[in-house]
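Engineer: Sharing a structure with you now.
The values are calculated or read from the model by the stated rules, or taken from the named source; none is laboratory data. These figures come from a predicted structure and were not determined experimentally. Glycine gets a Cβ as well: all are built from the backbone with ideal geometry, and neighbour counts include every protein chain shown. Each accessible area value is taken on the protein alone, full model and side chains, heavy atoms only, with ligands, DNA and RNA left out. Shrake-Rupley method; radii C 1.70, N 1.55, O 1.52, S 1.80 Å.
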Amino acid sequence: MSVAANCPTCGAPVTFMWSSAVQTACQYCKAILVRHDVNLEQVGEVADLPRDASPIQILTEGIFDNRRFLVVGRVVYQWEQGGWNEWHLAFDDGRSGWLSDAQAEYAVSFHVAPQSALPSADAVTRGLAIQWQGQNYIVTHRTQAAYVGFEGELPFRTTDRSTMIFADLRTPDARFGTIDYSEDPPLLFMGRQVDFDELKLRNLRLFEGW
């Protein structure tokens with residue numbers, strides 16, 4: 001169910017496609033808006049995002065494990081070897097998830113409660129084993145990334161983000177996880193890698209020659 005309000009800066013209508021959204025941006029004046037129940041607070045101005053070649057965009061629709069979702073937001077990160085998108089997904093059942101989109105590799109994951117204390121950012125290293133539901137996940141990458149910007153609707157505020165650490169987890173059967181050290185204690189996201197065609201995406205960006 002969508003939620004409507006007005007931008008406190010320019011007065012334009014602001015409609016949240018995902019009812020639990022915490023942050024969005026005004027499409028007219030580009031004010032960053034944080035939601036407090038039905039009231040909106042301006043906390044900054046959204047920056048222009050770098051161009052990329054991803055075919056995914058806000059309002060792209062898809063299916064994951066027989067559940068339909070709508071892309072309602074995006075966070076962009078940059079690191080020494082490039083950048084990647086984290087697309088915020090709103091599922092028909094009200095659940096929120098993420099689609100990682102990095103150099104044409106994709107994974108869907110969900111925020112979960114860790115079953116034991118996660119290693120600190122200083123202690124997490126490649127090759128470290130992390131247990132989750134009886135399965136060994138191996139840390140394959142430890143990445144220091146810079147927050148670049150966002151668009152659409154998010155379940156958190158980004159105004160305090162700059163540089164952060166991420167640890168990617170993998171299993172041989174394509175299960176996927178991420179430890180996100182943007183908060184203390186760190187956040188854990190678990191899911192699996194997916195093929196682009198598996199998601200049955202619609203309303204994709206069109207590029208010249210398609």
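Engineer: Can you name the residue in region 94-126 that is without any contact (Cβ under 8 Å) to a residue 60 or more places away in the chain, open to solvent by 30 Å² or more (accessible area, probe 1.4 Å) and within 19 Å of the chain's Cα centre (by Cα) and, of all such residues, is farthest from LEU169 (Cα to Cα)?
Structural biologist: Within region 94-126, the match that is farthest from LEU169 (Cα to Cα) is ARG95.
Engineer: Filtering region 136-172 down to residues that are in a strand (DSSP E or B) and of a type in the set (Lys, Arg), which residue is most open to solvent (accessible area, probe 1.4 Å)?
Structural biologist: Per the stated criteria, the residue is ARG142.
Engineer: Let me ask another. Just name the residue that is modelled with the lowest pLDDT out of those in region 57-71 that are part of a loop (DSSP other than H, G, I, E, B) and touching a strand residue (DSSP E or B) at 6+ places or on another chain (Cβ under 6 Å).
Structural biologist: ILE58
Engineer: Moving to a separate point now. Report whether or not TYR77 is of a type in the set (Ser, Thr, Tyr) and in a strand (DSSP E or B).
Structural biologist: So TYR77 passes the test.
Engineer: To continue, here is another question. When residues of region 103-135 are filtered for being under 26 Å from GLY82 (Cβ atoms) and part of a strand (DSSP E or B), how many remain?
Structural biologist: Qualifying residue count for the region: 8.
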